[in-house]
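Heads up, the thing below is written out as structure tokens.
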């Protein structure tokens, strides 16, 4: 699954650690999601969407 | 480093330290007793099994870690590590037993039982995670 996490983070000037703290996960988790190594569960995808104040579809897209 | 760990990871590390200390203490006590005052009958069996209790509890500690870890990605890495360790230890022991069946290696295991290979498998599993997922995990 593709995602826009890196771009969205850059716009807000958040580091991976900043985002990880907002989501309550490890920095490694954010990195794995961002690089496409790991697809988050639906509850975590909703948390990510809430943090960016966007919908899931605006952050993640099909391959 | 301890501060950076998740609460579940900290609990696991503490449990592991306590269990391993208990294992060393029980193994030393059992070895000393068997050498100097060999127990008889049921007591001998009970004493021989005693060092296995903290080892079995390590499996419990790892399973609790999986249950208590709230970071789903770290939990996935841990499960992958455990599966890798289980497959590795079963494979090593299967090969070893067949070598024994055909008398190509001596009987016994020289102290390197399934737990030793499972622990080694956890290490290799972390390496496997690092190569394939970019991070080793926290176990």
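Inside the stretch A:15-44, can you point out the residues that are more than 11 Å from chain B (Cβ to nearest Cβ) and buried (at least 18 other Cβ atoms within 10 Å of the Cβ)?
Residues satisfying the conditions are A:16, A:19.
Assess whether residue A:63 counts as being under 20 Å from residue B:71 (Cα atoms) and away from chain B (no Cβ under 13 Å). Walk me through how you get there before you give the answer.
Details: under 20 Å from residue B:71 (Cα atoms): no; away from chain B (no Cβ under 13 Å): yes.
So residue A:63 fails the test.
Give the residue, chosen from B:73, B:84, B:98, B:112, that is closer than 22 Å to residue B:138 by Cβ and either more than 14 Å from chain A (Cβ to nearest Cβ) or out of contact with any helix residue (DSSP H, G or I) (no Cβ under 7 Å at 6 or more places or on another chain) (or both). Outline the logic, then answer.
On the way: B:73 fails: either more than 14 Å from chain A (Cβ to nearest Cβ) or out of contact with any helix residue (DSSP H, G or I) (no Cβ under 7 Å at 6 or more places or on another chain) (or both); B:98 fails: closer than 22 Å to residue B:138 by Cβ; B:112 fails: closer than 22 Å to residue B:138 by Cβ.
Result: B:84 is the single residue among B:73, B:84, B:98, B:112 that is closer than 22 Å to residue B:138 by Cβ and either more than 14 Å from chain A (Cβ to nearest Cβ) or out of contact with any helix residue (DSSP H, G or I) (no Cβ under 7 Å at 6 or more places or on another chain) (or both).
Kindly indicate the residue of the stretch B:23-56 that is in contact (Cβ under 8 Å) with a residue 24 or more places away in the chain, part of a helix (DSSP H, G or I) and crowded, with 17+ Cβ neighbours inside 10 Å and also farthest from the chain's Cα centre (by Cα) among those meeting that condition.
To start, the set of residues in the stretch B:23-56 that are in contact (Cβ under 8 Å) with a residue 24 or more places away in the chain comprises B:23, B:26-27, B:50-51, B:53-55.
Then drop every residue that is not part of a helix (DSSP H, G or I), which leaves B:23, B:26-27, B:53-55.
Okay, now just the ones that are also crowded, with 17+ Cβ neighbours inside 10 Å, so B:23, B:26, B:54-55.
On the way: B:23: 11, B:26: 16, B:54: 10, B:55: 6 Å.
Within the stretch B:23-56, the match that is farthest from the chain's Cα centre (by Cα) is B:26.
Kindly establish whether residue B:73 is at pLDDT 95 or above, surrounded by 15 or more Cβ atoms within 10 Å (Cβ to Cβ), within 19 Å of the chain's Cα centre (by Cα) and within 30 Å of residue A:25 (Cα to Cα).
Working: at pLDDT 95 or above: yes; surrounded by 15 or more Cβ atoms within 10 Å (Cβ to Cβ): yes; within 19 Å of the chain's Cα centre (by Cα): no; within 30 Å of residue A:25 (Cα to Cα): yes.
Against the criterion (at pLDDT 95 or above, surrounded by 15 or more Cβ atoms within 10 Å (Cβ to Cβ), within 19 Å of the chain's Cα centre (by Cα) and within 30 Å of residue A:25 (Cα to Cα)), residue B:73 does not qualify.
The values are calculated or read from the model by the stated rules, or taken from the named source; none is laboratory data. Given the structure is predicted, the values throughout are model-derived calculations rather than measurements. Heads up, the Cβs are rebuilt from the backbone with ideal geometry, glycines too, and the neighbour counts pull from every protein chain shown.
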